[in-house]
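A.B. asks: Structure provided below as structure tokens; questions to follow.
What follows is calculated from the coordinates using simple rules that are stated; it is not laboratory data. Bear in mind that the values here come from a model prediction, so they are computed numbers and not experimental data. Heads up, the Cβs are rebuilt from the backbone with ideal geometry, glycines too, and the neighbour counts pull from every protein chain shown.
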Amino acid sequence: METLKKNILLLLSLFALTTTLSAQDLLAEQAPLDKQMSLVDSISLRRMLLNEAHLFPSQELYPEWINSKIHYDTQRPDSFRIDLTGFVMPTSNTKITDIFGYRPRRRRVHNGLDIKVQIGDTIRAAFDGKVRIVKNQGRRRGYGKYVVIRHENGLETVYGHLSKWLVVEEQYVKAGDPIALGGNTGRSTGSHLHFETIFMGKSLDPALMFDFVNQDVTNDYYVFRNPVRRKVDAKTGKVTVVSDEEKYYKVRRGDTLSKIAHRQGVPLRTLYKLNGMNSRSKLRIGQTIRYN
């Protein structure tokens, strides 16, 4: 009887040991499977995020995607770091023929850089992104044939005065992809590329980011700072909004520099300095005068 009991206990012990080993083996087999499933999930998530980026680049910044307007104002953050890595220069040409900003000799604002190119030269996308606009403003008007691309770093780039498009709206492009050929369309006095950099509707000087002479970017990133800031009076606590943004006035019939200075609340000498003018300068109707 005692021998029978011992044999039964031995069998039960062996069964328990076998069951434990089977469970451990099962867990050991399951571990690599879990790791593989985790890897699959990561790849799927990465693919999903990439697809979203392709469909709506910088969707966390821009409230909408439209194909009708180059510039449209939207609420900008106080500051934003724009990643400039992964760039490709839009042209290998290095000669700058016109700079960004107000041009007194032409009496109007220039929102980009003009780079000398020949008709037929290849123009390339500066960064990865999606083509938002492909349009023609017509003979001797504006940009002529142009392309606008929205990039994943928050920037939009404009390429104007083109002779031929190589992309269509809604097309996703990689940095360096050919997007157009250089030309002389629109309001242009010779073949060149008009290159613009825009952040959420505001034109920025491309020279702050792109060094065309050395065919490089000026840094790995550019920090945009909103020119609109809040100023608090230390005595009263009153908050006023102050803008460091350039401001312009369009001349109307009967205007003089003195009247414009008085109307905009700035010293006359400020108008002289900002516009390269003096007391003998003459105004014409429709002329743009910078006053801040």
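A.B. asks: Tell me, rounded to the nearest percent, the portion of alpha carbon pairs in segment 79-225 spaced more than 23 Å apart.
C.D. replies: 28 percent
A.B. asks: Ok, one more. Pull out a ≥ b ≥ c, the square roots of the eigenvalues of the alpha-carbon gyration tensor of segment 247-290, then state rounded if a/c is under 1.5, prolate if not and a/b is larger than b/c, and oblate in the remaining case. Each step should come with its number before you reach the end.
C.D. replies: Values: a/c = 1.38, a/b = 1.18, b/c = 1.17.
Here segment 247-290 falls in the rounded category.
A.B. asks: Give me the mean projected area, in nm² to one decimal, of the convex hull enclosing the Cα positions of segment 60-136.
C.D. replies: Mean shadow area of the hull around the Cα atoms is 7.7 nm².
A.B. asks: Skipping prolines and chain starts, which residues have an amide H placed within reach, meaning under 5 Å, of the one on Phe210, given they are 5 or more residues away or on another chain?
C.D. replies: Answer set, sorted by chain and number: Thr218.
A.B. asks: Return the whole-Å distance between the Cα centroid of segment 163-220 and the Cα centroid of segment 122-159.
C.D. replies: Distance between centres, Cα-based: 7 Å.
A.B. asks: For the cross-link pairs Lys116/Lys247; Lys202/Lys247; Lys130/Lys174; Lys135/Lys164, which exceed 18 Å when the distance is taken from alpha carbon to alpha carbon?
C.D. replies: Lys116/Lys247
A.B. asks: Using Cα pairs closer than 8 Å and at least 6 residues apart in sequence, work out the relative contact order for segment 79-225, in percent.
C.D. replies: On the way: 406 pairs, mean separation 45.3, N = 147.
So the answer I get is 31 percent.
A.B. asks: Continuing with the same structure: Count charges around Phe100 for me, please; just the other residues with Cβ under 9 Å from its Cβ, Lys/Arg as +1, Asp/Glu as -1. Don't skip to the end; give the middle numbers.
C.D. replies: Values: positive: none; negative: Asp98, Glu196, Asp205.
Every neighbour counted, the sum reads -3.
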